[in-house]
Amino acid sequence: MNNFSFLNDKPEYRAFSKDCVDAERAFQNSYDSCVKLVRTALDAAIKWVYAADKNFSPATDNLYDLIANANFERAVGKNLSDKLHFCRKAGNAAIHNEKEFSADEARACLKNLFDFVQWIDSRYGKNFSPRTFDATENILQTELCGLKLNTPIFAASGTFGFGEEFENFVDLQRLGGVMVKCITLKPRRGNDGVRITETPSGMLNCIGLENPGVEKFLADILPRIKNKMNVVVNVSGSSVDDYGRLAKLLDADGVAALELNISCPNVKDGGIIFGTDARQAAAVTQAAKKNSRKPIIVKLSPNVTDITEIARACEAAGADCLSLINTLMGMEINIHTWRPTLGNITGGLSGGAIKPVALRMVWQVANAVKLPIIGMGGIRSASDAAEFFLAGASAVAIGTANFSEPSATMKIADDLEKYLRGCGLKNIRELVKGIRI
Ligand SMILES: Cc1cc2nc3c(=O)[nH]c(=O)nc-3n(C[C@H](O)[C@H](O)[C@H](O)COP(=O)(O)O)c2cc1C
């Protein structure tokens, strides 16, 4: 449902537009919250009407009295007035936890609010155009490891900062979540020298896990971002014990899930050894599982001969989900200096160039384990994303594409929705592992 967003283009309704949009968005997460927020939006909208129209003089700011006012009731008509009382009563019941609301009841409240907003726009608006209420539910809404996702589209770690940097380009709540930049026990400066270079259809990076460390993340960053998005914390350690300690420290309010980076190719003392050895991968998974109540996502390395072996080991060790792939090891040499372009000599290749490899690996892993998979690697469009779902991913993450198009995740969500409707599907889940062989 997306019935109220048109209000955002009408600055004159600023007093109630955000409340209406928030109420509808809450429908995805909790019907009770939706009903509560409908009441808030209704209150704001009615007060706007009273302020705009001198025919109605408020004796009080009590919502019941405002709806029951004889002049107001005459203007809106008995039918709409009854609908407004319905929203008010339902909202009160939700606020006082008197009952649990169903999807149908929450939808009815939204529809009544919508009718009132239409009435306002028809009476006071400049360019009124009649609209019909769309009751179809969010076709992209899904669930992963117990997390409710508004869309199955994540931002990939290391390409999206801590999410806030993208606030002006992306509706963070609409993302399935943000896999924030990798966090380690101690702060890291990252690698020296050149850390990024463009390649045909992609890029090489050797950032080297630059990050402020877990302490600063918990104290300063998490409190700022935790209510803005599903925060998936990507972690990396130099020993099995590091992963256990990080998992324990991050078993905190506001962390939606952990993603174990056992696959970073750009640091000498971490990551990749765990991602290329099935026993080590299992040990790291177990250490995190033992120390955390959060869903544990293990991020697999493509720099292996048989990725399914590692995937199976992580599944047996208790992983809740797998994400793949991290970057492929690569390098570039400057033919004028005869030196490697990157300060670290080698780096991780990402972007469009790696998509066929990533897709092949997602398909292989989906056939090897029962765990849900977050697919990534070179996704730049909804059709790229659709391929990953067909191969067996339950969600996807977008990385390098965010650098050239900061709102790539939103465009992919919009286009994926159109694609699903075009296929006659009712939910993204129907696409998962749909590949015909
Ligand atoms: C600049 C850069 C930094 C990255 N940093 C991390 C990181 O900190 N942790 C991690 O697990 N993956 C990291 N990655 C890998 C991405 O999350 C992703 O797995 C990979 O780039 C493939 O997806 P893409 O082709 O859409 O970028 C990084 C990738 C890039 C390009």
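The values are calculated or read from the model by the stated rules, or taken from the named source; none is laboratory data. Being a predicted model, the structure only gives us computed values, none of them experimental. Neighbour counts run over all protein chains shown; Cβ positions are idealised from the backbone, glycine included.
Enumerate the pairs (first residue in the stretch 385-398 and charged (D, E, K, R); second residue anywhere and within 13 Å of the ligand (Cβ to nearest atom)) with beta-carbon separation below 7 Å, excluding pairs fewer than 6 apart on the same chain, so at least 6 apart or on different chains.
Between residues of the stretch 385-398 that are charged (D, E, K, R) and residues that are within 13 Å of the ligand (Cβ to nearest atom), the close pairs are GLU387/LEU359.
Looking at the structure I just gave you, is VAL233 closer than 22 Å to GLY375 by Cβ and over 11 Å from the mean Cα position of the chain (by Cα)? Steps first, answer last, please.
On the way: closer than 22 Å to GLY375 by Cβ: yes; over 11 Å from the mean Cα position of the chain (by Cα): yes.
Here the answer is yes, as VAL233 does meet what is asked.
Identify the residue in the stretch 132-145 that is aliphatic (A, V, I, L, M) and assigned to a loop (DSSP other than H, G, I, E, B) and, among all such residues, is nearest to the chain's Cα centre (by Cα). First the steps, then the outcome.
Just the residues of the stretch 132-145 that are aliphatic (A, V, I, L, M), to begin with: 135, 139-140, 144.
Still in the list and also assigned to a loop (DSSP other than H, G, I, E, B): 135, 139-140.
Numbers: ALA135: 23, ILE139: 15, LEU140: 11 Å.
The qualifying residue nearest to the chain's Cα centre (by Cα) is LEU140.
So which residues in the stretch 370-388 are more than 10 Å from the ligand (Cβ to nearest atom) and over 22 Å from VAL298 (Cβ atoms), if there are any at all?
Initial filter on the stretch 370-388 (more than 10 Å from the ligand (Cβ to nearest atom)): 370-373, 381-383, 385-388.
Matches in the stretch 370-388: SER381, ALA382, SER383, ALA386, GLU387.
Search the stretch 215-229 for residues that are assigned by TED's automatic domain parsing to the domain that holds VAL180 and pair each with any residue that is of a type in the set (Phe, Trp, Tyr) and buried (at least 19 other Cβ atoms within 10 Å of the Cβ) when their beta-carbon atoms are under 9 Å apart and the residues are at least 6 apart or on different chains.
Note: pairs meeting the criteria are PHE217/PHE162; ILE221/PHE162; LEU222/PHE162; ARG224/PHE162; ILE225/PHE162.
Being farther than 23 Å from GLU24 by Cβ, in the same structural domain as CYS109 (by TED's automatic domain parsing) and not small (Gly, Ala, Ser) is true for just one of ASP65, ASP82, ASP43. Which residue is that? Working first, answer last.
Values: ASP82 fails: farther than 23 Å from GLU24 by Cβ; ASP43 fails: farther than 23 Å from GLU24 by Cβ.
Result: ASP65 is the single residue among ASP65, ASP82, ASP43 that is farther than 23 Å from GLU24 by Cβ, in the same structural domain as CYS109 (by TED's automatic domain parsing) and not small (Gly, Ala, Ser).
Can you find a residue that is in contact (Cβ under 8 Å) with a residue 24 or more places away in the chain, hydroxyl-bearing (Ser, Thr, Tyr), in the same structural domain as GLY146 (by TED's automatic domain parsing) and surrounded by fewer than 22 Cβ atoms within 10 Å (Cβ to Cβ) anywhere in the stretch 252-266? Quick ask: steps written out before the conclusion?
In the first step, residues of the stretch 252-266 are kept if they are in contact (Cβ under 8 Å) with a residue 24 or more places away in the chain; the result is 252-266.
Subset that is hydroxyl-bearing (Ser, Thr, Tyr): 263.
Pick out the ones that are also in the same structural domain as GLY146 (by TED's automatic domain parsing) and you get 263.
Now drop any that are not surrounded by fewer than 22 Cβ atoms within 10 Å (Cβ to Cβ), which leaves none.
No, because not a single residue in the stretch 252-266 is in contact (Cβ under 8 Å) with a residue 24 or more places away in the chain, hydroxyl-bearing (Ser, Thr, Tyr), in the same structural domain as GLY146 (by TED's automatic domain parsing) and surrounded by fewer than 22 Cβ atoms within 10 Å (Cβ to Cβ).
Residue-by-condition table, conditions (1) within 16 Å of the ligand (Cβ to nearest atom); (2) of a type in the set (S, T, N, Q); (3) touching a strand residue (DSSP E or B) at 6+ places or on another chain (Cβ under 8 Å); (4) in the same structural domain as GLY254 (by TED's automatic domain parsing):
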| residue | (1), (2), (3), (4) |
| --- | --- |
| VAL117 | no, no, no, no |
| THR136 | no, yes, no, no |
| LEU147 | no, no, yes, yes |
| PHE169 | no, no, no, yes |
| VAL178 | yes, no, yes, yes |
| ARG189 | yes, no, no, yes |
| GLY202 | yes, no, yes, yes |
| GLY208 | yes, no, yes, yes |
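Restricting attention to the stretch 311-321, which residues are assigned to a loop (DSSP other than H, G, I, E, B) and either of a type in the set (A, V, I, L, M, F, W, C) or touching a Leu at 6+ places or on another chain (Cβ under 6 Å) (or both)? Spell out how you get there, then give the answer.
Residues of the stretch 311-321 assigned to a loop (DSSP other than H, G, I, E, B): 317-320.
Answer for the stretch 311-321, where residues must be assigned to a loop (DSSP other than H, G, I, E, B) and either of a type in the set (A, V, I, L, M, F, W, C) or touching a Leu at 6+ places or on another chain (Cβ under 6 Å) (or both): ALA317, ALA319.
Taking the condition surrounded by 23 or more Cβ atoms within 10 Å (Cβ to Cβ) and at pLDDT 95 or above, does LEU222 pass? Reasoning before the result, please.
Working: surrounded by 23 or more Cβ atoms within 10 Å (Cβ to Cβ): no; at pLDDT 95 or above: yes.
No: the conditions fail for LEU222.
Please go through the stretch 417-428 and pick out each residue that is of a type outside the set (S, T, N, Q), modelled with pLDDT under 95 and closer than 13 Å to ASN150 by Cα. Spell out how you get there, then give the answer.
The initial filter retains those residues of the stretch 417-428 that are of a type outside the set (S, T, N, Q), namely 417-426, 428.
Still in the list and also modelled with pLDDT under 95: 417-426.
Of everything in the stretch 417-428, just one residue is of a type outside the set (S, T, N, Q), modelled with pLDDT under 95 and closer than 13 Å to ASN150 by Cα, namely GLU417.
Applying the selection to the stretch 151-167, what residues are within 11 Å of the ligand (Cβ to nearest atom) and touching a Leu at 6+ places or on another chain (Cβ under 7 Å)? Break it down into steps so the answer makes sense when it comes.
If we filter the stretch 151-167 for residues that are within 11 Å of the ligand (Cβ to nearest atom), which is where we start, we get 154-161.
Scanning the stretch 151-167 gives PHE154, ALA155.
Answer yes or no: is there a residue in the stretch 399-408 that is free of Cβ contacts under 8 Å to residues at least 12 places away in the same chain, over 15 Å from VAL362 (Cα atoms) and small (Gly, Ala, Ser).
yes
Would you confirm, using the coordinates I've provided, whether LYS411 is out of contact with any Pro (no Cβ under 7 Å at 6 or more places or on another chain), within 16 Å of the ligand (Cβ to nearest atom), without any contact (Cβ under 8 Å) to a residue 60 or more places away in the chain and in the same structural domain as LEU149 (by TED's automatic domain parsing)?
Considered against the rule, which asks whether it is out of contact with any Pro (no Cβ under 7 Å at 6 or more places or on another chain), within 16 Å of the ligand (Cβ to nearest atom), without any contact (Cβ under 8 Å) to a residue 60 or more places away in the chain and in the same structural domain as LEU149 (by TED's automatic domain parsing), LYS411 comes out as yes.
Taking the stated definitions as given, is ALA93 of a type in the set (A, V, I, L, M), modelled with pLDDT of 95 or more and either within 22 Å of LYS10 (Cα to Cα) or assigned by TED's automatic domain parsing to the domain that holds GLU24 (or both)?
Details: of a type in the set (A, V, I, L, M): yes; modelled with pLDDT of 95 or more: yes; either within 22 Å of LYS10 (Cα to Cα) or assigned by TED's automatic domain parsing to the domain that holds GLU24 (or both): yes.
So ALA93 fits the description; yes.
Restricting to the stretch 318-356, name every residue that is in contact with a Ser or Thr (Cβ under 8 Å, 6 or more places away or on another chain), away from the ligand (no atom under 12 Å from the Cβ) and of a type outside the set (A, V, I, L, M, F, W, C).
Residues satisfying the conditions are GLY318, GLU332, ASN334, PRO340, THR341.
Residues checked against (1) outside any helix (DSSP H, G or I); (2) closer than 27 Å to THR327 by Cβ; (3) in contact with a Pro (Cβ under 9 Å, 6 or more places away or on another chain):
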{"site": "ASN112", "(1), (2), (3)": "no, no, no"}
{"site": "SER122", "(1), (2), (3)": "no, no, yes"}
{"site": "PRO130", "(1), (2), (3)": "yes, no, no"}
{"site": "LYS148", "(1), (2), (3)": "yes, no, no"}
{"site": "PHE154", "(1), (2), (3)": "yes, yes, no"}
{"site": "GLN173", "(1), (2), (3)": "no, no, no"}
{"site": "MET179", "(1), (2), (3)": "yes, yes, no"}
{"site": "CYS182", "(1), (2), (3)": "yes, yes, no"}
{"site": "ASN191", "(1), (2), (3)": "yes, yes, no"}
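When you go through ASN62, ASN79 one by one, which is the residue that is polar (S, T, N, Q) and over 38 Å from the mean Cα position of the chain (by Cα)?
Step by step, each of ASN62, ASN79 is checked, and only ASN79 is polar (S, T, N, Q) and over 38 Å from the mean Cα position of the chain (by Cα).
Suppose we filter GLY352, GLY424 for residues that are at positive phi, assigned by TED's automatic domain parsing to the domain that holds SER301 and among the small types (Gly, Ala, Ser); which single one remains?
On the way: GLY352 fails: at positive phi.
From the options GLY352, GLY424, the qualifying one is GLY424.
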